[in-house]
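Peer 1: Take a look at this one; I'll ask things after.
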Amino acid sequence: MSQIKMRQGCLTSPNKDTRNCSEFSTSPAAVIVHDPVRAGAFTPMESAGDPASLEREFLYRELPNRRTYAEQHRILVARLRRHVPRVIYLHELVSHHEFYRFTSGNPNQVFTRDSVITLPWVPNGYFKARMRPPQRRSESEIMGTALEALGLQEILRVPEGMFLEGGDVIPFNREGRRTLLVGCGRRTSFETLEFLQQELIPSFTDEVIGIELTSWRMNLDGGLMPVTADLVVADRENIVRARLYSAHGCHEINLWDLFEDLGMHIIDTTPEESLYMQSCNYVCLGDRKVIGYDLCKRVRDSLRAHGVETHLIPGTELVKGRGGPRCMTRPIYDASVGGPDGGA
C-alpha cells in the first residue's frame, strides 16, 4: 500500500453520504477550464502545414478558426457560470508554474478533464492521469498543481508503464455501489484496470467496470455517457466487452444488461454522430441538467423528451480538437472551493 493511500483518513467526510454519489447526480462545487487561444496555443498550430502534420503534432482533426474557437469557448464558460458556483481558469491557479509556461503552446490543455481524475464521493481527493501521447504528458503535472492549490490531496499514483486518461473514467453508481466506468484501448491500458482494483477498492471505490473500446474510439466519454439515473447516451459500436472488478475478483459482464437491470434507457447514437458531433459528450450538472454541443439535434430532442434540461453551446470549431464539453471541464466536488466566481 502506498504512502499516498495511507492519507485516506483526511479524505472522507463522516457527515456526507457518498454511497449514492455519481457524476450525473452530483452538482460540482467548481469547474476548472482553460482557454488555449488566450494561452497562445494556436500560433504554433497555424504553422503546422498539412492536415497530417496537424494531427500528428497537435492531435487536432482540423485547424479551428482562432476567433470563433475563442468565442465558442467563452460561451461554454458563460453557460457553466449559470449552473456552477465557481468556474476557474487554469491560469488563475498555475500561471507561476514553470511547466505551465513551458507548455502554453499545447492546445490539448483545453481538455482539463483528461489529465486528472476527481470523484464525487472523495470530494477533496484526486489522482493524476498518465497520458499516452508524449505531447500531452506534462498536462497532469499542471492540473495536479492546480488541484493542490485548491486544497485537494493526491490519493494514488499510476505507475510508469501504465496509462490512464480522464476521458476514460466516469464515476457511476450501481445500487449504492461507488462504481468507476473505465474505458480501455487507445488511451488507457488494460493493466491499469487491475491497478485501480488494487489501489481504490475498498477505500475509495467499491467496484470498477472495465469497458474495452473499439480501435477507432479514443475515449469512453466520446461513445458512452450516463447522464441521469435512468438515461445513457451511447454509440454501441464503440463497445467490445466489459469486465467487473471488485474485492472478490473480476468477471465478464454484459454492459447493456447491466444498464437495463438498473432501469436505464439507452439513447442510441451512430459512429458519425459520436465522432464528429460528440453526441455522447455532456457535462453533467446534477438535477437532470447537462451541457452539450448543438451539433446533434436528434439526440438533443431525445434527451429533452426524457425530461433532461439540455443546455447547448456552439461546437463547430471546438469539436475539431476531438473533444466535447465534458472533455473541457474538470469538476471539483469539494464545497470548500466553491463560492463567488472569480472571473477570467
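Read-outs: derived from the displayed coordinates by stated rules, not from any lab. Computed from a predicted model, the values in this text were never measured in an experiment. Counting neighbours? That spans all protein chains shown, and the Cβs are built from the backbone with ideal geometry, glycine included.
Peer 1: Among Leu224, Leu262, His248, pick out the residue whose Cα is farthest towards the positive end of the charge dipole of the range 221-344, where Lys and Arg carry +1 and Asp and Glu carry -1 on C-beta, about the Cα centre.
Peer 2: Farthest towards the positive end: Leu224.
Peer 1: Still on this structure: Could you tell me the number of lysine pairs in the chain with C-alpha atoms less than 25 Å from each other, where the two lysines are 8 or more residues apart or belong to different chains? Please list the in-between numbers first.
Peer 2: Values: Lys5/Lys16; Lys5/Lys128; Lys16/Lys128; Lys16/Lys289; Lys289/Lys297; Lys289/Lys320; Lys297/Lys320.
Lysine pairs satisfying the spacing and distance rule in the chain number 7.
Peer 1: Nothing charged except the Cβ atoms of Lys and Arg (+1) and of Asp and Glu (-1): what's the magnitude of the dipole of the chain about its Cα centre? Round to the nearest 20 debye. Kindly include the intermediate steps, with their values, before the conclusion.
Peer 2: Details: 41 positive and 44 negative charges, 135 e Å.
Dipole about the Cα centre, nearest 20: 640 debye.
Peer 1: For the range 69-207, what is the charge dipole size about the Cα centre, in debye to the nearest 20, if Lys and Arg each add +1 at the Cβ and Asp and Glu each add -1 at the Cβ?
Peer 2: For this selection, approximately 560 debye.
Peer 1: What number in nm² do you get for the range 19-336 if you take the convex hull of its Cα atoms and divide its surface by four?
Peer 2: 14.4 nm²
Peer 1: I want the local charge near Arg187. Using Cβ-Cβ distances under 9 Å, sum +1 for each Lys or Arg and -1 for each Asp or Glu among the other residues.
Peer 2: Neighbourhood net charge equals -1.
Peer 1: Along the charge dipole of the chain, Cβ charges K/R +1 and D/E -1, which of Thr43, Thr118, Leu285 sits furthest on the positive end?
Peer 2: Highest projection toward the positive end goes to Thr43.
Peer 1: Let me ask something else. Using a Förster radius of 30 Å, what is the FRET efficiency between Ala335 and Glu57 based on their Cβ-Cβ separation? Nearest 0.05, please.
Peer 2: On the way: r = 40 Å, r/R0 = 1.35.
Taking R0 as 30 Å, the efficiency between Ala335 and Glu57 is 0.15.
Peer 1: Only sites in a loop by DSSP and with at most 15 other Cβ atoms within 10 Å count here; which GluC sites (Glu not before Pro) in the range 148-240 make the cut?
Peer 2: Qualifying residues, ordered by number: Glu160, Glu175.
Peer 1: Right, something else. Which of the peptides 115-124, 295-304 is most tightly packed, and how do the rest follow, judged by the mean count of other Cβ atoms within 10 Å per residue? Walk me through the numbers on the way to the answer.
Peer 2: Working: 115-124: 24.1, 295-304: 17.2.
Result, highest mean Cβ count within 10 Å first: 115-124, 295-304.
Peer 1: Fully extended, how many nm does the chain gain between Asp301 and Asn20 (0.36 nm per residue separation, minus their Cα-Cα distance)?
Peer 2: That works out to 98.4 nm of additional length.
Peer 1: Using helices alone, what [θ] at 222 nm do you get for the chain, with -39,500 (n - 2.57) per DSSP H run of 4 or more residues, divided over all residues and rounded to the nearest 500? Could you put the intermediate results ahead of the total?
Peer 2: Values: 10 runs with 81 residues, N = 344.
Estimated from H runs of four or more residues: -6500 deg cm²/dmol.
Peer 1: By average Cβ neighbour count within 10 Å, what is the ranking of 271-280, 27-36 from highest down?
Peer 2: Values: 271-280: 21.2, 27-36: 22.8.
Ranking the peptides 271-280, 27-36 by packing returns 27-36, 271-280.
Peer 1: What FRET efficiency would be calculated for the residue pair Ile253, Glu309, taking the C-beta separation as r and a Förster radius of 30 Å, to the nearest 0.05? Walk me through the intermediate numbers first.
Peer 2: On the way: r = 31 Å, r/R0 = 1.04.
Rounded to the nearest 0.05, the efficiency is 0.45.
Peer 1: Here's something else I'd like to know. Summing Lys, Arg as +1 and Asp, Glu as -1, what charge do residues with Cβ under 10 Å from the Cβ of Ile201 carry, Ile201 excluded?
Peer 2: Numbers: positive: Arg178; negative: Glu199, Asp206, Glu207.
Net charge around Ile201: -2.
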